[in-house]
Amino acid sequence: MFPRYESRPPDASGGTPVGNAAASTSVREKRQRIPAAAAALFVAALAALAAAGSAGSASAPADPAGAATDGLVAAPAPGLDLFRVRPDLDLSGYRSVIVDPARAALRRNWLKDINDSRSPARWLSSDDAAEITDEAAASLRTATETAFRERGYAIAAVPGEGVLRLSPGITDLDVYAPDVPTPGMQRYYERDAGQATLHLEARDAVTGTLVARITDSGTASEVRLNNRATSVSNRFWFDALFRQWATRCAGALGTAPPRKAPPR
């Protein structure tokens, strides 16, 4: 699980292109012909456009797409980036959960970026990538079941009254050090094992009504400054990340009080 790639520093090359000297002189002459008042108006117009663009960006909604139409409202949840619950719903009535198989997806261009950074003899295949996502998904599901069981929830096999259906998932999974067997001895060291964005959707198991959504981005952090990266160490630190996240999710759903719907 979690094959390893050799990361490369960002390309520091590049320089300022040198233009034609005659063309540069012509441009300067043309600029000198622009009246001072017109130039001042031009600069003021650019400044106004920049200010308007900045204001528009600052006022953009922070919630993900669909948040305004899912019927949920934001609620506080320590350690989680986003926790939204259905208003006027008492979550204490749910004491059992069904945990669906988790889904996992790697960061966009992850496989290409890895193979671009290493020799052909050490390239990863699409099967290697699929193994990583399959193992990550299985680990996340196990962590979710364990966390909710430890929180006092029963693990249900079929839908019923008081049962939540939990659908965990991973997006933007980025394993910094995927480790696959290669000829010769290769050793690599990383500060962290990787990062991922974790999601949990909770629905009433009988009606299918959306009850809550949780989203959180995390890093599979290691303890020391530099650590040898292997498939075993990667699995260990990502498992730890998933367990921590699942524990926080179980705590958030287990303690969230009923919330009033926002006034219209």
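The values are calculated or read from the model by the stated rules, or taken from the named source; none is laboratory data. Because the structure is a prediction, the values reported are computed rather than measured. Cβ atoms come from the backbone with ideal geometry, glycine included; neighbour counts cover every protein chain shown.
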Seminar exercise, completed: Checked pairs for segment 237-264, first at pLDDT 70 or above, second among the aromatic types (Phe, Trp, Tyr) and surrounded by 18 or more Cβ atoms within 10 Å (Cβ to Cβ), C-beta under 6 Å and 6 or more apart or across chains, list as 250/148; 252/83
For this session: Would you point out the residue of segment 193-212, among those that are part of a strand (DSSP E or B) and of a type in the set (Val, Ile, Thr), that is farthest from residue 167 (Cα to Cα)?
Result: 197
For this session: Scan (1) at pLDDT 65 or above; (2) touching a Phe, Trp or Tyr at 6+ places or on another chain (Cβ under 8 Å); (3) under 23 Å from residue 130 (Cβ atoms) for the single condition residue 190 breaks and write down its number.
Result: (1)
Exercise. Regarding residue 143, is this residue at pLDDT 95 or above, more than 18 Å from residue 253 (Cα to Cα) and part of a helix (DSSP H, G or I)?
Worked result: no
Exercise. Taking into account only those residues within segment 97-142 that are over 19 Å from residue 231 (Cα atoms) and of a type in the set (A, V, I, L, M), which is nearest to the chain's Cα centre (by Cα)?
Worked result: 102
Exercise. Quick check, is residue 82 under 19 Å from residue 173 (Cβ atoms), of a type in the set (A, V, I, L, M) and modelled with pLDDT of 95 or more?
Worked result: yes
For this session: Quick one: residue 135 ticks every box in (1) surrounded by fewer than 17 Cβ atoms within 10 Å (Cβ to Cβ); (2) in a helix (DSSP H, G or I) except a single one, so which number is it?
Result: (1)
